[in-house]
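Asks: This is the structure I have questions about; it appears just below.
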């Protein structure tokens, strides 16, 4: 069982064990006065989305919604925009091939940035498909 703020992931070897553990967990939460959002529940499914990840057969991959959101981020215009992009992309770095090489120029220009001005160059646009 994994818990992050108000999200709980419960996994089991078999469907029956999953149902039994889910019932126990729901009873425990109910006795504690907690409520479970029926819409958000993904009970006894072979693939679930958890914290933006798709979890399937012991594998974790970046969810489609998360990928699309990152791909829609425009080129940053300010140092603040760039920091926000790097934070979002960094959260997904395990699934971005050569992440460190791609973002190095971006971290370099952050060091050079004065205030909100970004000393942009063509190499900086690579992570954005430029």
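Asks: How would you classify region 67-128 from its alpha-carbon gyration tensor, with a ≥ b ≥ c the square roots of the eigenvalues: rounded for a/c under 1.5, else prolate if a/b is greater than b/c, otherwise oblate?
Replies: Verdict is prolate for region 67-128.
Asks: What do you get for the angle between helix 79-91 and the principal long axis of the chain? Use alpha-carbon atoms, 0 to 90 degrees, nearest ten.
Replies: That works out to roughly 40 degrees.
Asks: Moving on. Grab the beta carbon distance between residue 6 and residue 95, set R0 = 22 Å, and tell me the FRET efficiency rounded to 0.05.
Replies: About 0.35, to the nearest 0.05.
Asks: With a cut-off of 8 Å between alpha carbons and a minimum separation of six or more residues, what is the relative contact order of the chain in percent?
Replies: The value is 14 percent.
Asks: Take the Cβ-Cβ distance between residue 43 and residue 73 as r, set R0 to 22 Å, and report the resulting FRET efficiency rounded to the nearest 0.05.
Replies: For R0 = 22 Å, the calculated efficiency reads 0.10.
Asks: Now for a separate question. Can you give the angle from 0 to 90° between the axis of helix 15-31 and the longest principal axis of the chain, with both taken from C-alpha atoms, to the nearest 10?
Replies: Result, in degrees: 90.
Asks: What is the helix-to-structure angle for 99-112, meaning the angle in degrees between its Cα long axis and the longest Cα principal axis of the chain, kept from 0 to 90 and rounded to the nearest 10?
Replies: The answer is roughly 50 degrees.
Asks: May I ask you to list the residues of region 91-130 whose amide nitrogen lies under 17 Å from a point 7 Å from Cα along the Cα→beta-carbon direction of residue 83?
Replies: Within reach of a label on residue 83: 91, 106-119.
Asks: Where q = 0.10, 0.19 Å⁻¹, what log10 of I(q)/I(0) comes from the Debye formula for the chain, counting one point per Cα?
Replies: Values, matching the q order: -0.50, -1.02.
None of the figures in this text is laboratory data; all of them are computed from the coordinates on show. Only a predicted model underlies this, so the values are computations on that prediction, with no experimental measurement involved. Cβ coordinates were reconstructed from backbone atoms using ideal geometry, including for glycine residues, and neighbour counts include every protein chain displayed.
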